[in-house]
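Here is the structure we will look at.
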Amino acid sequence: MTHIFKPTLTLSLMAAAVMTACGGGGGGTATPTTTPVATVSLAGVVADGYLTGAKVCLDKNENMVCDAGEPSATTGAGGAYTISGVTAADVAAFPVVAEVPATATDSDFPGSTVGKAFVLTAPKGNSTVTPLSSLVHQELQAAPALSAASAAANVKTALGITTDPLADYIAKPDASAHIRAQMITQSLKNNADAIGGGTAAQKKDLQGVLLTMAKQAVPAAAPASSASAPASVPVVGVEDFNTVSATLANKQTTGTASQAVTVNFDAVNGATSIKACDALTLTNLKRWDQTPLTAATPAAATLLANPTVTQTTSGKFVDLRFYISNVLLWDAAGNAVPLVLTEDASQSKNVALLDFGYNTAATGTPVCSTAYKTAITGKVVPGTYTGISFTVGVPVRSADLSTKLNHGNAADTASPAPLQNLAMNWSWQSGRKFFKVDFQPDTAAKKFAAGAVGSTAVVNTHIGSTGCVGNPATVAGTETACTNANRLGVKFDGFKTASNTVLLDVAKLFKNSDLTYEGGGAGGCMSGTTDPECAPIFKAFGLGLTGANAGRTLSGADVQTIFSVK
């Protein structure tokens, strides 16, 4: 903990009243007393690496914003700042906030700006402001009766570090603490970016949400030790905007959820409703030139580089299931209210497994189930709602951040009921198959890989988190983090639960795929970043497959095309 007080003395300005007597009367002068007010200068540093160009203030109203009139300064070289003209009592009473703009620079990465704005804080009486001090401050906000020492100890345990989280881990080098700080910053920037701005109250709550998410994810992904920092900073997955919005709404929604709501879903092929095992034809699909299909056929990469004409493919879907979670209803003013799902075998902890049928036969001709789950039910705080949003996938934790969801043991009867479905379990990725749509062409898909010709009976489309570390299914209590979250946030502004239906259009999902050809990797697309079948699937899904947006919900021209409203 570093704070330097530089005392000064300020004389208050007072008017002197002088009385003069006339005509033989006596006179006198009242001499006021002057009370010196001691002030100090608060000096410290702001760091992820040392951050230059951040606005630092003494947060007198504790709203995590540097408001006009609050004593402030701007960080210079080495992240240093000095706030002058404050009292020692104020320093002891109020936290420090550092607003880091996108234009700030980080000594860890010279020659570039931080790129995205974020906020760091330090608890009252401290002037070293870092991602680690921000976690200590968040601990104290969540439990005001906690001592600063206890809060710091909790953060040390959670992150697996030995350094005091209120200290400057750069001045007294601790590479493990440093790299965890970098990861927290990365999580703050990316997840704040996913949801955007908001009111001051929303920003304060959002900061708490983002810090809690980071604290839960970082221990799993961070190296046990690090020889230097910055190193190659492990990536902490970016949540979709809806998951972050739902967690924020969970903190801010007031009132009792008593208004019953049903949200209907339908799977369609163009304009036609479908269920698993229905015979259908998919049209307008890209076809790869695969003639002649022999051992001399060019390598898959060459084929994939030369798409030719469209085609039609007949067959049937033999599995049509997907998870949705954190359903929010939105009013005309842009306020979100959580839909509290009814607890049953298909809905729990605000996660629902939608089911349009699946193959029940172990071998031979598919036999599809007929007990479908095509609607969700629950309650909201009474109101008039004109929009809906939801996440396609299973979040790491519930919206109140208390219960682990995606990464857990599907065979554990203590798991929420819809997550006990073993067919949707993805054990090698430490999570769930968020979206499972398997298509069986009437003609088996042809495969050319490694110079051999083969076939596969079913084209699988399985979307789930990838690049995961930590598996609580095998080690109880383990935290999990994934580089590619692959949770899709969907939002429709024009939606009324009484009259609208959410559609999943499989024709749009496979519009730019070829279901008669397997180009390599896993059969179909199982979320592999190098699997040639995944590129068109992820594009339709509106998810980044590789690069800076890997695993993120995309927007603008890249927004998803498979879900719509009827």
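Considering only residues that are out of contact with any Cys (no Cβ under 7 Å at 6 or more places or on another chain) and assigned to a strand (DSSP E or B), look in region 482-499 and name the one that is most open to solvent (accessible area, probe 1.4 Å).
That would be LYS491.
Conditions: (1) part of a strand (DSSP E or B); (2) polar (S, T, N, Q); (3) open to solvent by less than 10 Å² (accessible area, probe 1.4 Å). GLN440 meets all but one. Number of the miss?
So the condition that GLN440 fails would be (3).
Can you tell me which residues in region 150-170 are farther than 15 Å from ALA122 by Cβ and either surrounded by fewer than 16 Cβ atoms within 10 Å (Cβ to Cβ) or acidic (Asp, Glu) (or both)?
Once the filter is applied, which keeps residues that are farther than 15 Å from ALA122 by Cβ and either surrounded by fewer than 16 Cβ atoms within 10 Å (Cβ to Cβ) or acidic (Asp, Glu) (or both), region 150-170 yields SER150, THR157, GLY160, THR162.
Could you tell me whether region 538-546 includes any residue that is more than 30 Å from SER314 (Cα to Cα) and at pLDDT 90 or above?
Yes - at least one qualifying residue is present in region 538-546.
Please specify each residue of region 530-550 satisfying the condition of being open to solvent by 30 Å² or more (accessible area, probe 1.4 Å), under 26 Å from the mean Cα position of the chain (by Cα) and farther than 17 Å from GLY393 by Cβ.
THR530, ALA535, LYS539, THR546, GLY547, ALA548, listed by residue number.
Looking at (1) in contact with a Pro (Cβ under 9 Å, 6 or more places away or on another chain); (2) within 24 Å of GLY431 (Cα to Cα); (3) assigned to a strand (DSSP E or B), can you tell me which one PHE356 breaks?
(1)
Which of the residues belonging to region 500-537 are free of Cβ contacts under 8 Å to residues at least 40 places away in the same chain, out of contact with any helix residue (DSSP H, G or I) (no Cβ under 9 Å at 6 or more places or on another chain) and not in a loop (DSSP other than H, G, I, E, B)?
Correct list: CYS534 only.
Tally up the residues in region 402-429 that are surrounded by fewer than 23 Cβ atoms within 10 Å (Cβ to Cβ) and assigned to a loop (DSSP other than H, G, I, E, B), please.
Residues that pass the stated criteria total 11.
Across region 325-345, what is the total count of residues that are assigned to a loop (DSSP other than H, G, I, E, B) and buried (at least 20 other Cβ atoms within 10 Å of the Cβ)?
So the answer is 1.
The values are calculated or read from the model by the stated rules, or taken from the named source; none is laboratory data. Nothing here was measured: the structure is a model prediction, and the numbers come from that model. Note that each Cβ is placed from the backbone with ideal geometry, even for glycine, and that neighbours are counted across all protein chains shown. For the accessible areas, the whole protein counts, side chains as well, though only heavy atoms, and no ligand, DNA or RNA atoms are used. Shrake-Rupley method; radii C 1.70, N 1.55, O 1.52, S 1.80 Å.
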